[in-house]
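Just so you know, all these numbers are worked out from the coordinates, no wet-lab data involved. Since this is a predicted model, take the numbers as computed values, not measurements. Quick reminder, even Gly has a Cβ in these numbers, built from the backbone with ideal geometry, and neighbours come from all protein chains shown.
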Amino acid sequence: MEKDYYKILGVEKSATQDEIKKAYYKLAHEHHPDKKGGNEARFKEVNEAYQTLSDKDKRSQYDQFGSSFNNQGGFGFNQNINWEDVMGGFGGGGIEDLFDIFGGAFGGQKQNKRDLRKGRNVEIGIDLELESILRPQERELRVMKNIRCSRCNGSGAEPGTSVRECVTCRGTGRIQQIKKTFLGTISQYTTCTECAGEGVKPEKPCNVCRGEGRVKGEERIRITIPAGVDNNQIIKVKGKGEAGKRGGEPGDLYIRIFIKPHSVFERRGDDIYLNQSITFSQAALGDKLKIPTLDKENLIIKIPAGLTDGNILKISRGGIPHFSGVSRGNLYIQLSLDIPDRLTKKQKEALEELKKQGL
Ligand SMILES: [Zn+2]
Ligand SMILES: [Zn+2]
């Protein structure tokens, strides 16, 4: 029988993408098979409808030819629904939203024993001067975190002893409990407390780390900060976060860059701006100006006669190196006219003279 995808999602034929998405989220949440009272068949149906109606091309084909095109077309719906496929299938923005809706439902289920031992990610911040990002720089960072225990080499077992399968849960990490209720017997699984769900336990815990396989300590990490980094940019160093528990995978290190405000330059993207005041006579006659640059050498520039307040001069490639490593932004010099609020007698006379001449 022909399926009415609009009816399945409970929306009008003229529904917007937003309305379709909303309806889908609501229904998918309601019928999610991991949920109490969930309905797998309904859930699949809702997914099928959404996969078609959320895609502009598929939707217009469906509107024209109905759902039968699904079976012949190149994008038949897979009945053996696989979570990764569904997640991947949404494309674009939907993925994070879905995680939000289902929240905890995913977390516990997808995590395997190895994940339980994974070390946490560590985030640290470093302050940089604007001048220092002109070229890549090597830095040695000292990071306080959980590091691998050197006594047991991360295994958590006292040297000479081994890590064994947990006796309590027989290595499964879970304990089955059978409950009798008036509806019948219900079997429930809980995490094994003896091994914290890992399925293994050191025979004799290491004296230093007490079986954790890691201890508090400092690691020195050498990194290269690329030229042109931006404020708040994060550099990820894989595997340099906290050591995993008992040989688990380490977390990652995230280094957040803070660029200190500069006393002279203002950064806008990869360009930098400098305010430079000029006098009335410099504006009228033109002059040579000594200006600071990020590269520290003072640059002498020639300004032409006739510039006024607000004019901007550009020095190509005087800015920040592009993060891509190719070329640099520009330096812009914003001119402002410096009108003195106090004049000497002589200056006043000279200006009076100019005034007479119409200046
Ligand atoms: Zn140890
Ligand atoms: Zn156990």
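Residues Tyr24, Tyr189, Tyr273 in ascending order of nearby Cβ atoms (within 10 Å, fewest first): Tyr189, Tyr273, Tyr24. Applying a threshold of 30 Å to the alpha-carbon distances of Lys36/Lys180; Lys22/Lys118; Lys216/Lys236 flags Lys22/Lys118 as lying beyond it. Considering only beta bridges that DSSP places wholly inside segment 212-359, some 70 percent are antiparallel.
Consider a paramagnetic label point 7 Å from the Cα of Arg220 along Cα→Cβ; state which residues of segment 236-254 have an amide N under 13 Å from it. Within reach of a label on Arg220, which here means backbone N under 13 Å from a point 7 Å along Cα→Cβ, segment 236-254 contributes nothing. Estimated purely from DSSP H runs of n ≥ 4, each contributing -39500 (n - 2.57), the mean residue ellipticity at 222 nm for the chain is -7000 deg cm²/dmol once divided by its residues. Put a dot 7 Å past the Cα of Thr161, heading toward its Cβ, do the same for Phe182, and the two dots end up 5.0 nm apart. Whole-Hz Karplus values for segment 354-359 come out as 5, 4, 4, 8, x, 9 Hz, taken residue by residue from phi with 6.51 cos²θ - 1.76 cosθ + 1.60 and θ = phi - 60°; glycine and proline positions read x.
With 29 Å as the limit on Cα-Cα distance, the pairs of Lys26/Lys58; Lys201/Lys240; Lys260/Lys290; Lys290/Lys348; Lys13/Lys44; Lys296/Lys345 that go past it are Lys296/Lys345. Phi angles of segment 11-23 translate, via the Karplus equation with coefficients 6.51, -1.76, 1.60 and θ = phi - 60°, into HN-Hα couplings of 10, 6, 4, 8, 4, 7, 4, 5, 5, 5, 4, 4, 4 Hz per residue; Gly and Pro are given as x.
Remark: spin-label model distance Asp341-Asp4 equals 7.8 nm, labels positioned 7 Å along the Cα→Cβ axis. Under 12 Å of direct C-alpha separation, and excluding same-chain neighbours fewer than eight residues apart, Lys204 reaches these aspartates and glutamates: Glu158, Glu212.
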